[in-house]
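Input: a single structure, listed below in structure tokens.
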Amino acid sequence: MSEKLIRVGTTYLPVSDVQRSATWYTEKLGATLNYLDGDKAILDLANQSFFLVAAQEGQSSNFRDAKGNERFSLTFEVDGLQALENLHKKFKDRHITVGEIEDRGHAGNNFVFKDPDGNQFDVWSELSPTFQKRGN
């Protein structure tokens, strides 16, 4: 038996309106809604469970780095630059707030997008080796 962390199973996100956010995540990102009540929604997205939790006004999953820049805490992966460019266009067409595609000086390119509550997420063009092997 190996006592080590294997994967991230659930991410909790603060939202101002659970119903509105659940609709946004399912319609804009293709998430699957598994549960919904007044306090939370449980979604499947990108091989992970996301809990959208009713939070106090002004809350988000973002943080400020040492230079004062607002940052995301989660990066999604896609399989290659063409997939990144296609998803970027699709998100723009769906009126999702997206940043420009960036070369940050490491392998691959990225862009950032936001949900209706301002939670920021990163998307990276490099698929992790585990998922490359699985053929996802």
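Checked against (1) of a type in the set (S, T, Y); (2) under 18 Å from W124 (Cα atoms); (3) in contact with a Pro (Cβ under 9 Å, 6 or more places away or on another chain), S61 passes all but a single condition, namely (2). Selection over region 94-124 of residues that are among the small types (G, A, S) and either in contact with a strand residue (DSSP E or B) (Cβ under 6 Å, 6 or more places away or on another chain) or in contact (Cβ under 8 Å) with a residue 40 or more places away in the chain (or both) gives a count of 3.
Looking at L127, is it modelled with pLDDT under 95, touching a strand residue (DSSP E or B) at 6+ places or on another chain (Cβ under 6 Å) and surrounded by 15 or more Cβ atoms within 10 Å (Cβ to Cβ)? Taking the combined requirement at face value, the residue satisfies it.
If the condition is being under 17 Å from the mean Cα position of the chain (by Cα) and not aliphatic (A, V, I, L, M), then region 17-39 contributes R20, S21, T23, W24, Y25, T26, E27, K28, G30, T32. If you check I101, I96 for being under 19 Å from F50 (Cβ atoms) and either in contact with a Pro (Cβ under 6 Å, 6 or more places away or on another chain) or not assigned by TED's automatic domain parsing to the domain that holds D17 (or both), only one passes: I96. Within the option set D44, D93, being loosely packed, with under 11 Cβ neighbours inside 10 Å and either under 16 Å from the mean Cα position of the chain (by Cα) or not hydrophobic (A, V, I, L, M, F, W, C) (or both) holds for one residue only, D93. Can you say whether G105 is out of contact with any Ser or Thr (no Cβ under 9 Å at 6 or more places or on another chain) and exposed (fewer than 13 other Cβ atoms within 10 Å of the Cβ), as far as the supplied structure shows? Against the criterion (out of contact with any Ser or Thr (no Cβ under 9 Å at 6 or more places or on another chain) and exposed (fewer than 13 other Cβ atoms within 10 Å of the Cβ)), G105 qualifies. Going through (1) surrounded by 15 or more Cβ atoms within 10 Å (Cβ to Cβ); (2) hydrophobic (A, V, I, L, M, F, W, C); (3) more than 29 Å from I6 (Cα to Cα) one by one, F113 falls short only on (3). Please go through region 81-93 and pick out each residue that is more than 24 Å from F50 (Cα to Cα) and either in contact (Cβ under 8 Å) with a residue 24 or more places away in the chain or in the same structural domain as P14 (by TED's automatic domain parsing) (or both). The one that is more than 24 Å from F50 (Cα to Cα) and either in contact (Cβ under 8 Å) with a residue 24 or more places away in the chain or in the same structural domain as P14 (by TED's automatic domain parsing) (or both): L81. Residues of region 93-115 include none that is at pLDDT 95 or above, touching a Lys or Arg at 6+ places or on another chain (Cβ under 8 Å) and among the aromatic types (F, W, Y).
The values are calculated or read from the model by the stated rules, or taken from the named source; none is laboratory data. Bear in mind the structure is a predicted one, so any value in this text is a computation, not a measurement. All Cβ positions, glycine included, derive from the backbone under ideal geometry; neighbour counts span all protein chains shown.
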